[in-house]
1. Find which of 158, 44, 198 sits farthest along the positive direction of the dipole of the range 6-247, computed with +1 on the beta-carbon of Lys and Arg, -1 on that of Asp and Glu, about the Cα centre.
2. Could you work out the helix-only [θ] at 222 nm for the chain, with each DSSP H run of four or more residues adding -39,500 (n - 2.57) and the total divided by the number of residues, to the nearest 500 deg cm²/dmol?
3. What length, rounded to one decimal in nm, is gained on full extension from residue 176 through to residue 24, with 0.36 nm per residue of separation minus their alpha-carbon distance?
4. Want the number for residue 151 to residue 247: 0.36 nm per residue separation, take away the alpha-carbon distance, what's left?
5. Put +1 on the Cβ of each Lys and Arg and -1 on the Cβ of each Asp and Glu in the range 6-247; which of 16, 73, 148 then has its Cα farthest toward the positive end of the dipole?
6. Work out the length of the dipole vector of the chain about its Cα centre, built from +1 on the beta-carbon of each Lys and Arg and -1 on the beta-carbon of each Asp and Glu, and round it to the nearest 20 debye.
7. By what distance, in whole Å, do the Cα atoms of the chain stretch along each of the three principal axes, largest value first?
8. Taking square-rooted eigenvalues a ≥ b ≥ c of the alpha carbon gyration tensor, is the range 100-222 rounded, prolate or oblate, where a/c under 1.5 means rounded and, failing that, a/b exceeding b/c means prolate?
Amino acid sequence: MGRKKLAAGNWKMNGVKASLGEIEALVSAFTAPPNCDVLICPPATLVSAMVAVSRGISIGGQDCHANASGAHTGDISAEQLADAGASAVIVGHSERRADHGESDAEVAAKAEAAWRAGLTAVICVGETEAERDAGEALSIVGGQMAGSIPAGATGANTVLAYEPVWAIGTGKVPTLEDIAEMHDYMRAELAKSHPAEAQNIRFLYGGSVKPTNAAEIFAVSNVDGALVGGASLKAADFGGIIKAASEA
Ligand code: PGA
């Protein structure tokens, strides 16, 4: 039983109501449902509006608070995202870890909050350029996995995204050999921590994925899809990545 490919888009702090036209263009470009899962994570302001036009595409949030409700001005709970129609939420993106000082323990708590609300947690890990240059990429990611993936992770409730920080939004991509080394390592680590589910949890590669490099990345060992930032904003680009995932 293979893992179905997943093309996931992360719009970050981009998009207003007028941007929903990109989703309408994307869904109308596919005459038949693609042979992969598709998830788009718009800003929270657009979740419910995007759900209304997303026909077959899953919609997710980009972050959630660990609590279900309470006095946390500006935060959003997993339950609120679910209420808006989301089915997934990204947790621990490197921009959240850097901009908001999120620790592995907080990321793990957010993943558990996602599950509590019935959402799939897309848990992100990845090393900085300095860490890779120092030969620490595997150990950094291994440490993030140990701290950020709760014991209850299954193929149904969790997706793991490997996003080297230095490849995000830079146009720089690791070699295919480096992606394979990391994803194989991640599978081996998960087999130790989560032996029953290690083969079921999908691994996304993220960082400067484009329609032009998606197919070769999807062919790499233990790559089950992509988490796409910039190239998910335009229907033509994301459509090309979905097509590559469908054909992989
Ligand atoms: P990028 O972002 O595709 O723009 O590099 C990826 C991400 O941060 O998820």
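Just so you know, all these numbers are worked out from the coordinates, no wet-lab data involved. From a predicted model like this one, the values you see are computed outputs, not experimental measurements. Positions of Cβ are generated from backbone atoms using ideal geometry, with glycine treated the same way; all protein chains shown enter the neighbour counts.
1. Among 158, 44, 198, the one farthest towards the positive end of the dipole of the range 6-247 is 44.
2. On the way: 10 runs with 95 residues, N = 248.
Calculated mean residue ellipticity at 222 nm is -11000 deg cm²/dmol.
3. Details: separation 152, 0.36 × 152 = 54.72 nm, distance 3.29 nm.
Here the segment from residue 176 to residue 24 would lengthen by 51.4 nm.
4. Numbers: separation 96, 0.36 × 96 = 34.56 nm, distance 3.29 nm.
Gain in length upon complete extension: 31.3 nm.
5. 16
6. On the way: 18 positive and 29 negative charges, 158 e Å.
My answer is approximately 760 debye.
7. Principal-axis extents of the chain (Cα, largest first): 45, 44, 35 Å.
8. prolate
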